[in-house]
1. Working with all protein chains in place, sort Phe66, Phe381 by solvent-accessible area computed with a 1.4 Å probe, largest first.
2. Calculate the length of the line joining the C-alpha centroid of segment 145-189 to that of segment 372-434, in whole Å.
3. How would His241, His74, His172 line up by accessible area, probe 1.4 Å, largest first?
4. Work out the FRET efficiency for Ile164 and Lys308 from their Cβ-Cβ distance, taking R0 = 41 Å, and round it to the nearest 0.05.
5. When each pair of different Cα atoms in segment 254-294 is counted once in the 1/r mean, what is the Kirkwood radius in angstroms, to one decimal?
6. Just subtract the alpha-carbon distance of Phe293 and Ala332 from 0.36 nm times their residue separation and send over the number in nm, one decimal.
7. Give the accessible surface of segment 216-259 per residue, rounded to a whole number of Å², with probe radius 1.4 Å and ligands, DNA and RNA excluded.
8. What nm value, rounded to one decimal, do you get for the distance between Val95 and Lys75 when each label is placed 7 Å out toward the C-beta?
Amino acid sequence: MSTTSTKLEIKKSQKRDCSPQYSKKLDLNCQIISSDSKIIDCKQAIDSLENQVAMRTAELSSIIDFLNREISAHKQAQKTIWKSEKRYEELFNSVLAGIYINDKNETIQFCNPAFADIFEENSVTNLINKSLLDYLQKDQKQLVLSQTEHRKKNISSQYELGIITAKGNKKHLYVSVSPRFNQEGQYIGAFGSVIDITKRKRAEEEAYKFKTISDRANYGTAIVALEGNIIYINECFASMHGLTIEEAIGKHLSIFHTDKQMPEVNKLNKELIKNGYYPATEVWHKRKDGSVFPTMMNATIIKDENNKSFFISASAIDITDRKLAEIELQTAQHFSDSIIRSLPGLFYIFDKESIRFLRRNDSWCEVTGYSDEELKTLTFFDFFTEGSEKDKCAVRVQEVYDTGYSTMENNLLTKSGEKIPYYFTGRRVVIDGKTYLAGMAIDITKRKRAEERLRESEEKYSKVANYSYDWEYWVNPKGKFIYVSPSCKRI
């Protein structure tokens with residue numbers, strides 16, 4: 001229904017008091033004259049106005065409902081945006097990587113806490129409006145400026161960067177940067193992330209040092225995964241097996257052993273897993289051509305920063321030459337022992353300080369009646385009686401050390417107390433800078449008995465000759481008398 005703006009004028013004679021107390025008594029059966037002198041029925045005019053008010057009220061109500069819905073939607077959107085921003089802020093602040101935004105002059109405009117931690121600043125605000133170049137040495141500044149030129153050409157880049165932190169510490173960072181442009185296409189700065197790789201770089205440097213040393217070592221080194229696959233070996237380890245490094249990498253460690261050797265290898269590896277290492281142990285290996293050889297090996301478990309077993313590190317030395325030398329030494333020892341055992345009489349070597357036997361033959365047990373264990377506790381002097389016999393022995397031993405050689409006849413005292421006459425010889429020897437006495441002793445019991453019989457015979461013969469009237473004399477080839485009997489002397 002269209003509305004017509006009509007100014008109404010009520011006749012003065014029909015004006016009524018419209019105050020509240022008279023509103024209910026208002027007689028609507030009246031007429032009014034409009035400004036253009038038209039007569040309008042009052043009730044009709046009021047109905048028209050009420051209809052217009054109702055329409056406007058409905059329209060306004062519809063607008064209010066729409067606005068309420070818009071306001072509610074706006075509030076919900078704001079709440080969603082706030083939650084999203086909160087999550088973004090929490091995510092932004094919780095990431096381990098440092099994130100930053102800078103302008104075209106490398107001035108930091110925004111960064112997260114991780115970025116401040118990496119640069120060892122107390123707070124984010126200490127970094128805002130500071131230049132990234134302030135944390136760089138000269139060569140690194142040139143690196144950043146050259147990368148900026150790439151970004152101006154809309155080229156993203158990743159590179160390693162060395163910085164000096166706020167506390168003066170050197171760090172290595174891995175930087176990833178993307179350029180930022182405004183609506184006019186002008187370069188306005190960059191958005192970047194940094195990761196502290198200082199520990200990794202140090203580990204790489206240490207690994208490089210280890211590899212450099214290991215590659216040139218004259219002993220074999222290898223790093224093996226826990227399941228047994230070879231990760232690294234040096235040239236020495238490969239060559240001692242007749243292999244190249246390339247032939248061994250990635251293979252299982254069983255390529256170094258025969259089927260017969262593997263049970264012992266598996267036993268050692270179980271010990272290694274249990275204890276974290278195994279000490280120097282003789283382990284037999286196999287060459288590419290199938291020949292076997294002995295090595296001296298030790299191994300240890302390499303663990304990561306969380307104490308989790310990571311790799312097995314092993315070293316090996318080819319001890320073929322040493323084993324051959326041991327065999328030769330054992331042969332020589334056996335030969336020496338055989339000779340000593342076959343020597344007549346008693347053989348002995350003792351040191352100057354303890355006078356205890358270093359070496360001796362088995363005849364000592366047979367002659368003295370002492371067991372092998374008992375002989376280990378006795379000194380050379382214990383086989384002589386106290387007094388002149390032991391004193392004589394001490395003098396002769398000292399003579400050996402002083403002059404280099406001596407001999408003596410003395411009685412050997414057995415466990416049972418029997419005294420057996422022996423002829424002893426001694427010679428001074430020096431072994432590895434230490435002085436020893438080496439000697440032999442021969443049983444002279446038979447000789448002593450023969451000498452005693454001879455002495456008795458001479459005495460008997462002398463008595464006979466003294467009472468004989470026969471002439472008897474001995475002369476040497478020169479005609480001189482060497483013996484004249486008493487009867488001859490009397491004549």
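The values are calculated or read from the model by the stated rules, or taken from the named source; none is laboratory data. What you see is a predicted model, and the numbers here were worked out from it, not measured in a lab. Cβ atoms come from the backbone with ideal geometry, glycine included; neighbour counts cover every protein chain shown. These accessible areas exclude ligands, DNA and RNA; they are computed on the full protein's heavy atoms, side chains included. Shrake-Rupley method; radii C 1.70, N 1.55, O 1.52, S 1.80 Å.
1. On the way: Phe66 105, Phe381 55 Å².
Correct descending sequence by accessible area is Phe66, Phe381.
2. Here the two parts' Cα centres lie 91 Å apart.
3. Working: His241 0, His74 105, His172 70 Å².
Largest accessible area first, the list is His74, His172, His241.
4. Working: r = 34 Å, r/R0 = 0.83.
Efficiency, rounded to the nearest 0.05: 0.75.
5. Details: mean 1/r = 0.0921 Å⁻¹.
Answer for segment 254-294: a Kirkwood hydrodynamic radius of 10.9 Å.
6. Working: separation 39, 0.36 × 39 = 14.04 nm, distance 2.25 nm.
Residue separation times 0.36 nm, minus the Cα-Cα distance, leaves 11.8 nm.
7. Working: 2130 Å² over 44 residues.
Per-residue accessible area for segment 216-259 comes out at 48 Å².
8. For Val95 paired with Lys75, the spin-label model returns 3.5 nm.
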